[in-house]
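Step one of this worksheet: look at the structure below.
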Amino acid sequence: MDYLNVALPKGRLGEKVLAIFEEAGFPCPAIHEAGRKLIFENEEAKVRYFWVKPSDVAIYVERGAADIGVAGKDILLEYQPDIYELLDLKIGKCKMAVAAKKDFRDNPGRTLRVATKFSHIAADYYLSKGRDIDIIHLNGSIELAPILGLSDVIVDIVETGTTLRENDLAVVEDVVPISARLIANKASYKFKNTVIDNIVRCTAQLLEETL
Ligand code: PRP
């Protein structure tokens, strides 16, 4: 039987997901040994896990280097990978929001300058509102942009709200709720259907029990 290749997002969310998958019948004792190794397998359970940068999980899955993986809805909306979204894990919850300095007042007569890591999500959002914008694509520390006058607003992820608060910014509008999704490569879903459906079913059941 073929191995099931699983791309896990490195970090706290990934640790949670691993715990769920292990309980769902895919244990991997080796992955719990401390070290910097990135790939682990359990020959008996026929599973291979690897730690991937969270924003890269969808790439591994889309191209078939991983059969399944866990990615945030933010990444799926932004990059629109050609994959199946099988399950909302309802963990890693946060939201995509527009934020600005507390004294910000929109002037509809002017092009709105929007700083973001999520250019497509921001463009789609303002297109749906018919608002003219100028996107300033940044790779991190987005909150700096309105403070330094680089942009009027930001479109970014808000989880606890601490980053906004500590930088004197506030949410102006919610864009979309975000959570972690179990995704699958399209060909893998066809050829490893039994095993993938099984992990989806067990995961869904475990989530039900813990909610
Ligand atoms: C995200 C986001 C915010 C922060 C929000 O950054 O870009 O900066 O988390 O979380 P909070 O509402 O709980 O403060 P991330 O840690 O992903 O790093 P980044 O700077 O690379 O975007």
Legend entry - Residue ID - farthest from the ligand (Cβ to nearest atom), chosen from residues in the stretch 121-169 that are assigned to a strand (DSSP E or B) and touching a residue at least 40 places away in the same chain (Cβ under 8 Å): 153
Inset, instruction - Working only within the stretch 105-128, note down all residues that are buried (at least 17 other Cβ atoms within 10 Å of the Cβ), out of contact with any helix residue (DSSP H, G or I) (no Cβ under 7 Å at 6 or more places or on another chain) and hydroxyl-bearing (Ser, Thr, Tyr). - result: 125, 126
Inset, instruction - Name every residue in the stretch 20-47 that is open to solvent by 50 Å² or more (accessible area, probe 1.4 Å) and more than 13 Å from residue 6 (Cα to Cα), in order of residue number. - result: 23, 29, 32, 33, 34, 35, 36, 37, 43, 44
Inset, instruction - Counting only residues that are hydrophobic (A, V, I, L, M, F, W, C) and touching a residue at least 40 places away in the same chain (Cβ under 8 Å), give me the strands (runs of 3 or more DSSP E) lying completely in the stretch 1-102 with at least 3 of them. - result: 4-9, 47-52, 68-72, 94-101
Inset, instruction - State yes or no: is residue 173 open to solvent by 80 Å² or more (accessible area, probe 1.4 Å), over 21 Å from residue 8 (Cα atoms) and either away from the ligand (no atom under 11 Å from the Cβ) or small (Gly, Ala, Ser) (or both)? - result: no
Legend entry - Filter result for residue 194 (at pLDDT 95 or above, at negative phi and under 21 Å from the mean Cα position of the chain (by Cα)): no
Inset, instruction - Tell me which residues, restricted to the stretch 139-170, are open to solvent by less than 20 Å² (accessible area, probe 1.4 Å) and over 30 Å from residue 66 (Cβ atoms). - result: 145, 146, 151, 153, 154, 161, 164, 169
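The values are calculated or read from the model by the stated rules, or taken from the named source; none is laboratory data. Since this is a predicted model, take the numbers as computed values, not measurements. Glycine gets a Cβ as well: all are built from the backbone with ideal geometry, and neighbour counts include every protein chain shown. Side chains included, ligands, DNA and RNA excluded: accessible areas come from the protein's heavy atoms. Shrake-Rupley method; radii C 1.70, N 1.55, O 1.52, S 1.80 Å.
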